[in-house]
Amino acid sequence: MTTATLQHLNTPTLLISVVLFVFLIWLETRRKGRSYFRKGMRYFCNILLIASLLLLILQPVYLQSYKPFSAILLTNGFNVADLDSLQATGTNRQIFSNLEGLKLKNHQAQYIPDFFYLNRKFPLLDSLIILGNGVPESSLSAVKQDYVHFIGSEPPEGIVDLRYNTEIALTDTLQISMTYNKPVEGKHLLKLGSDEGIAFDSIIVEGMGEQMVKLKTLPRVPGRLTYRLTVENETGDLLTSEIFPVVVNDIQQMQILIVNSFPTFELKHLKNWLERKGNGLAMRHQISKDKYRYEFINRQKASLSLLDKELLRQFDVLMIDAGSLSSLSKRERNNIRNTISDTGLGLLILGDGQLENQVTVRRVREFYSGLQLKSVGHDQITSNEFGTETPMILYNWPFEIVGSWNADVLINANGNYVAKQHLGLGMVGINLISKSYHLLLEGKTREYSLLWSKILNEVSRREQKQNYWNEASVLAFVNEPLELQLTSNESRPIGIAENSAGLDYKFYLQEDVHIPQLFHGKIWPDSTGWLRINTEKDSMDHKWVFIQSDTAWLDLRLARQLYHNRLLGNRAQQSLVRQEVPNDKMKKVPISNWWFFIVFVMAAGTLWLEPKL
């Protein structure tokens, strides 16, 4: 049975048609001096006119039965046994292959260059089974998920998943998390090092199957760096050698205001270290009640007697001990809070003995909400946060931070001793380390720099950028699509990509449907090396992406391709073998608009010609 349906049926269209029909009939009733035959003919032609016009808009279709078309697509890595098993069920499926020149002993396969070609040539394809490694990710958009099943090959040996930050600060540890698949017995040595062969970290993988592996190192210089991961077997044979690109941002000089109740050796050494790094310092030390000593280093003098908004806006970080914060006037505390929230000032609260006072803790909570302190019976902690060769020994106040759900822990040494949380546009940190200057006295200048650079960078005022770029994947490859996201205040940004040879080209960005300031773009890099991404109007806020060769990370790319193809259908081979090709199905066939157009022209012509006869 054939059933007609309307594709674009909606209430406004019907209402307009009814109003127009009533209007035309009303006009006909006002015409005088016509016979009943002519009036009836005009009524009939008006009905045909409105109906044909309405059908031209609604585009009616009818359902037509057709025989389902089932096929098998062979891709690289397919198992001939799987193909034989599927065809042995008696179902006559046509076989396609994207492998040019493929010859099979018991089957005939037709070559197709890509999935787009398959859709164009065989639009009635109803059921498709993909065997092997699957369709490349760039072609997945052409696959109709409701009729595709996938029987994939086994996961490859090697790295099948990878996670790490492609852009870090100089004080951050580069931490690489991987899933390593080893289907055979034996030991594999994974080493993270430089191109010159210097190893920074290594791990031995012994068991079989997929295992989580972590490697880390601490960058020593800023810039665009490439690390190398190598995998060796028990005999020392090189199995894999891949590149890890990472952008290491240098430490930015800051303007820091320090307010403390009394001078300490900790602050004295910190001041000297900050001065050597070129930071601007303004310091207010309380000598006695209502008496202060002021110091200015690498900056002009200013009045520090009152902490008002105009003064606070000049600084990136305010360091103040808990006792001094508690003794400030309510007006000054409000000035600090509002400046943090509105302009992004960073506040670092230094622990001291006053934290035993509940009034002091209450006033600290005005900035660091939900702060809970727990007394501890030790004054020394050991930290492994910084990837140094030996753990870092520090001294702490007799407290640790607990119970703050919205805080980020910066230093955890069997307890939280340095943490931060957002306050509007700014950041508030609390530091319960009482002594670290012994690192300098012991000659551990690098460890001291890592500690304080991390703490200050985490709470410091953030640089306000107009454009923020993000890539969809941690790795990018030549001649493969690179998906980019841009958060920008520009109205119609145009992207610029510049390769390592200095050649640049434009690419266009599409605004997100839901988020006005978010844009999406896609480019196809044509050369390896570092690629600089920025907008046409703003070259300062840029993004560096390292483009790998088309032979790099083959195991990882294959694992990702298998994963994405597996999402399309059912991997269970047995259920597919038993599946019968469905009976006849129905498809929508549009009725040609020419029929309605002819009726419309004839009806309109008759209404025009009738008064002239």
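Structural remarks
- Selection over region 513-525 of residues that are at pLDDT 90 or above and open to solvent by 30 Å² or more (accessible area, probe 1.4 Å) gives a count of 3.
- Criterion violated by G415 - all others in (1) modelled with pLDDT of 90 or more; (2) open to solvent by less than 50 Å² (accessible area, probe 1.4 Å) satisfied: (1)
- Candidates I256, I320, I340 - the one that is crowded, with 18+ Cβ neighbours inside 10 Å and assigned to a helix (DSSP H, G or I): I340
- Filtering E275, E210, E242, E234 for residues that are of a type in the set (D, E) and in contact with a Lys or Arg (Cβ under 6 Å, 6 or more places away or on another chain) leaves a single hit, E234.
- Residues located in region 42-77, provided they are of a type in the set (G, A, S) and under 45 Å from the mean Cα position of the chain (by Cα): S65, S70, A71, G77
- When every residue of region 108-117 is checked against the conditions, at least one turns out to be at pLDDT below 85 and of a type in the set (A, V, I, L, M, F, W, C).
- Filtered residue count, region 349-390, keeping only those that are of a type in the set (A, V, I, L, M, F, W, C) and more than 24 Å from H422 (Cα to Cα): 2
- Condition met for E275 (within 29 Å of G443 (Cα to Cα), free of Cβ contacts under 8 Å to residues at least 24 places away in the same chain, in a helix (DSSP H, G or I) and open to solvent by 40 Å² or more (accessible area, probe 1.4 Å)): yes
- Filtered residues of region 305-317 (kept if in a loop (DSSP other than H, G, I, E, B), of a type in the set (A, V, I, L, M) and either within 15 Å of Q354 (Cβ to Cβ) or open to solvent by less than 10 Å² (accessible area, probe 1.4 Å) (or both)): L307
- Number of residues in region 161-178 that are open to solvent by 20 Å² or more (accessible area, probe 1.4 Å) and not in a loop (DSSP other than H, G, I, E, B) equals 6.
- Residue within region 282-293 that is part of a loop (DSSP other than H, G, I, E, B) and more than 40 Å from the chain's Cα centre (by Cα) present: yes
- Residues considered: I243, I251. Of these, the only one that is part of a loop (DSSP other than H, G, I, E, B) and among the β-branched types (V, I, T) is I251.
- Residue that is most open to solvent (accessible area, probe 1.4 Å) [pool: residues in region 343-369 that are over 16 Å from S460 (Cβ atoms), polar (S, T, N, Q) and part of a helix (DSSP H, G or I)]: Q358
- All positions within region 12-35 that are in a helix (DSSP H, G or I) and at pLDDT below 70: T13
- Scan of region 491-505 for residues that are closer than 19 Å to Y468 by Cα and either in contact with a helix residue (DSSP H, G or I) (Cβ under 6 Å, 6 or more places away or on another chain) or not hydroxyl-bearing (S, T, Y) (or both), ordered by number: R492, P493, I494, G495, I496, A497, E498
- Subset of region 534-560 (residues that are among the polar types (S, T, N, Q) and surrounded by fewer than 19 Cβ atoms within 10 Å (Cβ to Cβ)): S539, S549, T551
- Number of residues in region 239-253 that are open to solvent by less than 50 Å² (accessible area, probe 1.4 Å) and more than 22 Å from V545 (Cα to Cα) equals 1.
- For region 122-159, the set of residues classified as within 30 Å of Y468 (Cβ to Cβ) and either in contact with a Pro (Cβ under 9 Å, 6 or more places away or on another chain) or touching a residue at least 60 places away in the same chain (Cβ under 8 Å) (or both) consists of P136, E137, S138, L140, I159, listed by residue number.
- Against the numbered list (1) open to solvent by 40 Å² or more (accessible area, probe 1.4 Å); (2) assigned to a loop (DSSP other than H, G, I, E, B); (3) farther than 25 Å from S138 by Cα; (4) at pLDDT 85 or above, A81 comes up short only at (2).
- Residues of region 463-497 classified as modelled with pLDDT under 90, among the charged types (D, E, K, R) and open to solvent by less than 80 Å² (accessible area, probe 1.4 Å), total: 3
The values are calculated or read from the model by the stated rules, or taken from the named source; none is laboratory data. Just so it is clear, the model here is predicted, and its values are computed rather than measured. Don't worry about glycine lacking a Cβ; one is built from the backbone with ideal geometry, like all the others, and counts go over all protein chains shown. All accessible areas refer to the heavy atoms of the entire protein, side chains included, with ligands and DNA or RNA removed. Shrake-Rupley method; radii C 1.70, N 1.55, O 1.52, S 1.80 Å.
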